[in-house]
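The values are calculated or read from the model by the stated rules, or taken from the named source; none is laboratory data. Computed from a prediction, not measured in an experiment: that's the story for all the values here. We place every Cβ from the backbone using ideal geometry, glycine too, and count neighbours over all the protein chains shown. Remember, those area values only see protein heavy atoms, side chains included, never the ligands or the DNA or RNA. Shrake-Rupley method; radii C 1.70, N 1.55, O 1.52, S 1.80 Å.
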Amino acid sequence: MTSAAQTPTELRRLLPADLVERAGCPFDPPAGLTGRRGQGPVQPLRLANGADAWLVTGLDEARAVLADTRFSSDRVRHPDATTDAEPRQVETRDDGMFVFMDPPEHTRLRKLLTGQFTVRRMRALEDRIREIAVEHIEAMKAAGAEADLVPAYALPIPSLVICELLGVDYADRDRFQRNTAVALDSTSPPDERARAGLGLYTFMGELVAAKRAAPGDDLISGLLDLPDNQLVDIALVLLGAGHETTANMLALGTFALLENPGELARLRADPALLDTAIEELLRFLSIVQMGVSRVATEDLTIGDVTVPAGATVIIATPEVNRDPAHWDHPDRLDLSRPRVSHLAFGHGVHQCLGQQLARVEMKVGLGELITRLPELRLAVPADQVPLREEMLVFGVHSLPVTWS
Amino acid sequence: MIVTVDRERCCSSGQCALIAPEVFDQDEHDGTVLLLRPEPGPELHAAVEDAADHCPCSAISLS
């Protein structure tokens, strides 16, 4: 992958600890964010490397930034305060890291993919996703009355769904899942993670070659006009964006439901609540903690604050999604809350490509789990569930549950 | 209510097709918006307004 792909992780390290550590309730925004309430929707921030940045905490202001492409995502031409790199004048980007591009380069690549992620296509996957979910619940039940929900359920579902989309052969899926699990697990030793990361890169290269030799009806086979390196980048972007995120929403979402038994009981009693429940969990948990940032390409105004050209603007998604101007009692989990446009999938031209897939995965994954395991509960005290505080995507490292 | 869509602005999020499927669909090739009912009945107005508000690229206009 290009170094540009590392940017959000770098940004995460430069933020004050209280903006990312959830010392109190694991479902609430970090104390550094809630402590800034009342200080305005756009606030100056000093990063650990001394650079100035701006933190956006208001929903209207965040939407305005993300809808305005003068706030750039292109980390090659406009490196931000988190990167040491000098801006580079490049004719055209030849990589496939479209999440770090601006229109029109971003538009061209995204448009090649959007047809694969329509509401209709994702709903067509629902039965297959249900098979995968039920299979894993049955395996958990067959193995006993206790399991760690992360490896037993939350991780394999998105992993196998991505295999379906990319057209990974059944015979290769174990290798794919093993490498993915190690590469994305921050608790793995660094050399093992690096090896697994390289393994995935090699895997995607082989997958692209196999599709070139014998195209199927999968996503990669539909993009064979692109050069190999772009195809590999795109496959890795889809894996990175679609695996950890969904897995953490499944595990943290389950944790949040178990810790809000009244809401869980309502959902069990009225499965028609599932659609709004998913939107509310997305809003309430906002697991992409501090990964969304932009660079101002000229002096620009956000609300009544002017930021200078070159400024790094960070969208504080967990806090934006608790904006009291848009939600009553925003710190309360209310599964029947009327749908209000939240920022869990972002906004603007980069809004999550896989959001309709994520919705189906969450609806099926959480729905089957609470229906098929009516006695589901935590197997450890809630304060002993290990949180992914140091990670770009928030969630739990493990979730020991029982259902006997 | 008259609905217009800008397919150049559309970024294929699918929000409109999810929220108001009676009025909006998606092109099967690139997922961009297809307007099924430019003049939806009053029973659909709330959903259409909701869809327009959710559109990440402001591709839906109402008049």
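Worth pointing out:
- Residue B:43 in a helix (DSSP H, G or I) and either within 13 Å of another protein chain (Cβ to nearest Cβ) or among the β-branched types (Val, Ile, Thr) (or both): no
- Close pairs from the range A:73-90: first open to solvent by less than 60 Å² (accessible area, probe 1.4 Å), partner among the acidic types (Asp, Glu) and modelled with pLDDT under 85, Cβ under 7 Å, at least 6 apart: A:82/A:10; A:83/A:10
- Residue within the range A:91-103 that is surrounded by fewer than 18 Cβ atoms within 10 Å (Cβ to Cβ) and either at pLDDT 90 or above or within 14 Å of another protein chain (Cβ to nearest Cβ) (or both) present: yes
- Filter pass, residue A:207 being farther than 27 Å from residue A:383 by Cβ, in contact with a helix residue (DSSP H, G or I) (Cβ under 8 Å, 6 or more places away or on another chain) and not β-branched (Val, Ile, Thr): yes
- Test: residue in the range B:8-17 that is part of a loop (DSSP other than H, G, I, E, B) and either more than 13 Å from chain A (Cβ to nearest Cβ) or of a type in the set (S, T, N, Q) (or both): yes
- Against the conditions (1) surrounded by fewer than 24 Cβ atoms within 10 Å (Cβ to Cβ); (2) away from every other protein chain (no Cβ under 14 Å); (3) touching an Asp or Glu at 6+ places or on another chain (Cβ under 7 Å), residue A:372 satisfies every one except (3).
For (1) touching a residue at least 24 places away in the same chain (Cβ under 8 Å); (2) buried (at least 16 other Cβ atoms within 10 Å of the Cβ); (3) of a type outside the set (S, T, N, Q), each residue gets a yes or a no:
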| position | (1), (2), (3) |
| --- | --- |
| B:16 | yes, yes, yes |
| B:19 | yes, yes, yes |
| B:26 | no, yes, no |
| B:36 | no, no, yes |
| B:45 | yes, no, yes |
| B:50 | yes, yes, yes |
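- Flag if residue A:66 is outside any loop (DSSP other than H, G, I, E, B), under 30 Å from residue A:227 (Cβ atoms) and either more than 11 Å from chain B (Cβ to nearest Cβ) or open to solvent by 60 Å² or more (accessible area, probe 1.4 Å) (or both): no
- Subset tally (residues that are modelled with pLDDT under 95 and open to solvent by 20 Å² or more (accessible area, probe 1.4 Å)) for the range A:338-349: 3
- Among residues of the range A:329-354 being within 7 Å of chain B (Cβ to nearest Cβ) and either free of Cβ contacts under 8 Å to residues at least 24 places away in the same chain or not in a helix (DSSP H, G or I) (or both), the one that is farthest from the chain's Cα centre (by Cα) is A:339.
- Checking A:281, A:264 one by one, the residue that is out of contact with any Gly (no Cβ under 8 Å at 6 or more places or on another chain) and of a type outside the set (Lys, Arg) is A:264 and no other.
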